[in-house]
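Please treat every number below as a calculation from the coordinates, not as lab data. Since the model is a prediction, treat every value here as computed from it, not as a measurement. Glycine gets a Cβ as well: all are built from the backbone with ideal geometry, and neighbour counts include every protein chain shown.
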Amino acid sequence: MKLLVDGGSTKADWIAIDDNGKVLFTTQTLGLNPEVLGKDQIITRLEDKFDISQNKDKAKQLFFYGAGCGTDKMKKFLKEVFEEYFKNATVDVQEDTYAAVYATTPKEEQAIVCILGTGSNCSFFDGKVLHQKVQSLGYIAMDDGSGNRFGRHLLRAYYFNKMPKELAKEFETEFNLDADFIKGNLYKEPNPNAYLATLAKFLIKHKDTEFCKKIIYKELKKFAKNYIMQYDNCRDVYVHFVGSIAFYLKDELEDILNKYDIKIGNVLRRPIDGLIAYHVLNK
């Protein structure tokens, strides 16, 4: 049995397949970002899922593509946690961009591949290897265009009384905006970036309002300039996207990239289905 995992900061999608690609089970855990979680928290999130805990000794291979796995230190840490839990499996941990590449990019084709979900990322794929111009410093310092950045903008606009009154009233009905609750999620609970990203659905829901449109275009322009346009060949190859933010704001992304003469390629909400085909053919 092979386990394929697309691990974001908010959630991780799991698919178990046999050697022929037949799906044995699918499930979802909370996010498993090693930059914000310790070993015990990761194990607890695995144990919480019956399909995973009951089949952990049957797994022979685990391919994990995850947020927060962009450095050797984080890959090594997570690999060791998984090897201890899945005792009979060989474990391969890669950054989440590789899942996006395998799901969106034809074999050996060059492309720029981006992730716009809870966090954000952008790499150039030369047909074999990923090349990254920007080393992420995490959600506090970077993550332009991401769900957590949008959530931050909304909270600031609400608390600085910059949000239009009608939107503010609706915002109050959809979310707990008590200051202590917010600060608890930001400073005491795990995954503050994922908490912020949950607020982004409000922005997407109201994306046609002038207030939300301004935030969306400002952030996506930042992403284009600070990430995509780092690559000199950004106008020569397709730019593919994976993630909920990219999926639900595809029209806005396309509009912005067209103004910079950049060609938008495939836009997928989740790469997990594409990973099945890749691993059946290549692993």
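Using Cα atoms only, what is the angle between the long axis of helix 147-159 and the major principal axis of the chain, expressed in degrees (0 to 90) to the nearest 10?
Computed tilt is about 30 degrees.
Sort the chain into rounded, prolate or oblate with this rule: let a ≥ b ≥ c be the square roots of the eigenvalues of the Cα gyration tensor; rounded if a/c is under 1.5, and if a/c is not under 1.5, prolate when a/b is larger than b/c, oblate otherwise. Display every interim value, and only then the final one.
Details: a/c = 2.03, a/b = 1.27, b/c = 1.60.
Oblate.
Could you tell me which of rounded, prolate or oblate describes the range 182-283, using a ≥ b ≥ c as the square roots of the eigenvalues of the alpha-carbon gyration tensor, with rounded for a/c under 1.5 and, failing that, prolate when a/b is larger than b/c and oblate otherwise?
On the way: a/c = 1.91, a/b = 1.17, b/c = 1.64.
Verdict is oblate for the range 182-283.
Return the sequence-ordered ³J(HN,Hα) values of the range 32-39 in whole Hz as given by the Karplus equation 6.51 cos²θ - 1.76 cosθ + 1.60 applied to θ = phi - 60°, using x for Gly and Pro.
10, 5, x, 6, 10, 10, x, 4
Comparing Asn226, Asn266, Asn20, which has the greatest mean-square fluctuation in the GNM of the chain with Cα pairs linked when under 10 Å apart?
Per the Cα network of the chain with a 10 Å cutoff, Asn20 tops the list.
Net charge around Glu80, counting only other residues with Cβ within less than 15 Å of its Cβ (Lys, Arg = +1; Asp, Glu = -1)?
On the way: positive: Lys39, Lys73, Lys75, Lys76, Lys79, Lys87; negative: Asp40, Asp72, Glu83, Glu84, Asp92.
Computed value for this residue: +1.
Given the options Asn33, Asn55, Asn148, state which has the largest fluctuation in a GNM of the chain using a 10 Å cut-off (strictly under) for Cα springs.
Result: Asn55 has the largest fluctuation of those listed.
Can you show me the helix-derived [θ] at 222 nm for the chain, built from DSSP H runs with n ≥ 4 at -39,500 (n - 2.57) apiece and divided by the number of residues, rounded to the nearest 500. Each step should come with its number before you reach the end.
On the way: 13 runs with 126 residues, N = 283.
That comes out to -13000 deg cm²/dmol.
By DSSP, what percent of the beta bridges with both residues in the chain are antiparallel, rounded to the nearest 5?
Details: 21 of 41 bridges.
Given both bridge residues lie in the chain, the antiparallel proportion sits at roughly 50 percent.
Which three semi-axes in whole Å describe the equivalent ellipsoid of the range 128-260, each the square root of 5 times a Cα gyration tensor eigenvalue, listed largest first? Walk me through the intermediate numbers first.
Working: eigenvalues 164, 68, 25 Å².
Computed over the range 128-260, the values are 29, 18, 11 Å.
Along the positive direction of the dipole of the chain (beta-carbon charges: Lys, Arg +1; Asp, Glu -1; about the Cα centre), which of Tyr158, Ile182, Gly31 reaches farthest?
Tyr158
Using the eigenvalues of the Cα gyration tensor, what equivalent ellipsoid semi-axes result for the range 1-90 when each is taken as the square root of five times the eigenvalue, whole Å, largest first? If you can, show how the numbers build up before the last one.
On the way: eigenvalues 78, 35, 32 Å².
The three semi-axes for the range 1-90 are 20, 13, 13 Å.
Helix 250-259 versus the longest principal axis of the chain: what is the Cα-based angle in degrees, 0 to 90, to the nearest 10?
It works out to around 70 degrees.
Output the 0 to 90 degree angle, nearest 10, between the alpha-carbon long axis of helix 272-282 and the longest principal axis computed from the alpha carbons of the chain.
30 degrees
Using a Gaussian network model of the chain with C-alpha springs under 10 Å, which one of Lys222, Lys207, Lys169 is most mobile by mean-square fluctuation?
Lys169
Can you tally the net charge around Val93? Count Lys and Arg as +1, Asp and Glu as -1, for every other residue whose Cβ sits under 11 Å from the Cβ of Val93. Could the numbers behind the result be given before it?
Numbers: positive: Lys75, Lys76, Lys79; negative: Asp72, Glu80, Glu83, Asp92, Glu95, Asp96.
Surrounding charge for Val93 is -3.
Calculate the spin-label point distance for Tyr217 paired with Lys169, positioning each point 7 Å from the Cα along the beta-carbon direction, and give it in nanometres.
According to this spin-label approximation, the distance is 2.7 nm.
What is the sum of charges, Lys and Arg at +1 and Asp and Glu at -1, for the other residues whose Cβ falls under 12 Å from the Cβ of Lys250?
Details: positive: Lys207, Arg269; negative: Asp251, Glu252, Glu254, Asp255.
Taking every other residue near Lys250 into account, the sum is -2.
Mind putting a number on the dipole of the chain about its Cα centre? Charges go on the C-beta only, +1 for Lys and Arg and -1 for Asp and Glu, and I need it in Debye to the nearest 20. Please list the in-between numbers first.
Numbers: 41 positive and 40 negative charges, 76 e Å.
Computed charge dipole of the chain: roughly 360 debye.
Please work out whether the range 1-158 counts as rounded, prolate or oblate from its C-alpha gyration tensor, where a ≥ b ≥ c are the square roots of the eigenvalues and a/c under 1.5 means rounded, while otherwise a/b larger than b/c means prolate and anything else oblate?
Details: a/c = 1.85, a/b = 1.30, b/c = 1.43.
It is oblate, given that a/c is not under 1.5 and a/b is not larger than b/c.
Given points 7 Å out from each Cα along the Cα-Cβ axis, report the Val129 to Asn88 separation in nanometres with one decimal.
The answer from the label model is 3.7 nm.
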